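Written out below as structure tokens is the structure these notes cover.
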Amino acid sequence: VASTVAHDSHNLLVMGTSAEDMALAANELAACGGGMIVVLDGQVLAKVAMPIAGLLADRPVEIVAEEVAALEEAWKELGCFIHAPFMTFSLIALPVIPEIRITNRGIADVTEFKLIETEIRAIQ
């Protein structure tokens, strides 16, 4: 999954278990100017293009609402059944709320005001 709706910086946020799917998700969003996307096994399951600053769609609300509903269903296909998963996903990058957040400087412990040492491992 990937999104350019990532509070407060709105950088591209990508999460997954497949490097190829994550690259596809990122490249698809780059090509359309931003938005939210779900990819599985090399296929785009759902996408909401947001070409206005990577935050706003430029299509009629009825079309965008259908795309958002398709995103929710695609998250379920990935095994995620939480309500509004893209909202939760976008908040993982908001470094002003506790506990642990992802920032452009690394993973931060917001409560302790420090970066967490991490070891990056390739997913096999």
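The values are calculated or read from the model by the stated rules, or taken from the named source; none is laboratory data. Here the structure is a predicted model, which means the values were calculated and not measured. Glycine gets a Cβ as well: all are built from the backbone with ideal geometry, and neighbour counts include every protein chain shown.
A few notes on this one:
- Residues of region 44-57 that turn out to be outside any strand (DSSP E or B) and farther than 17 Å from GLU28 by Cβ, as a count: 1
- In region 59-66, the count of residues that are touching a helix residue (DSSP H, G or I) at 6+ places or on another chain (Cβ under 9 Å) and farther than 15 Å from SER90 by Cβ is one or more.
- For region 2-23, the criterion of being among the aliphatic types (A, V, I, L, M), more than 28 Å from ILE97 (Cα to Cα) and under 13 Å from the mean Cα position of the chain (by Cα) is met by at least one residue.
- All positions within region 100-123 that are of a type outside the set (A, V, I, L, M, F, W, C) and either surrounded by 12 or more Cβ atoms within 10 Å (Cβ to Cβ) or modelled with pLDDT under 80 (or both): ARG101, THR103, ASN104, ARG105, GLY106, ASP109, GLU117, THR118, GLU119, ARG121
- Scope region 87-99; condition over 13 Å from the mean Cα position of the chain (by Cα) and either surrounded by 13 or more Cβ atoms within 10 Å (Cβ to Cβ) or among the aliphatic types (A, V, I, L, M) (or both); matching residues: PRO95, VAL96, ILE97
- Hits in region 97-118 (condition: assigned to a loop (DSSP other than H, G, I, E, B) and acidic (Asp, Glu)): GLU99, GLU112, GLU117
- Residue within region 16-23 that is modelled with pLDDT of 85 or more, in contact with a helix residue (DSSP H, G or I) (Cβ under 8 Å, 6 or more places away or on another chain) and assigned to a loop (DSSP other than H, G, I, E, B) present: yes
- Cβ-Cβ under 6 Å pairs, at least 6 apart or on other chains, region 37-55 side farther than 16 Å from GLU67 by Cα, far side acidic (Asp, Glu) and at pLDDT 95 or above: ILE52/ASP58
- Check on GLU77, surrounded by 15 or more Cβ atoms within 10 Å (Cβ to Cβ), at pLDDT 85 or above, charged (D, E, K, R) and not in a loop (DSSP other than H, G, I, E, B): no
- For region 80-96, the criterion of being modelled with pLDDT of 95 or more, out of contact with any helix residue (DSSP H, G or I) (no Cβ under 7 Å at 6 or more places or on another chain) and part of a loop (DSSP other than H, G, I, E, B) is met by no residue.
- Just one of the numbered conditions (1) modelled with pLDDT of 95 or more; (2) buried (at least 20 other Cβ atoms within 10 Å of the Cβ) is not true of ALA6: (1).
- Pairing residues of region 102-116 that are closer than 13 Å to ASN11 by Cα with residues that are in a strand (DSSP E or B) and of a type in the set (Gly, Ala, Ser), at Cβ distances under 8 Å and at least 6 apart in sequence or on separate chains, gives ILE102/ALA108.
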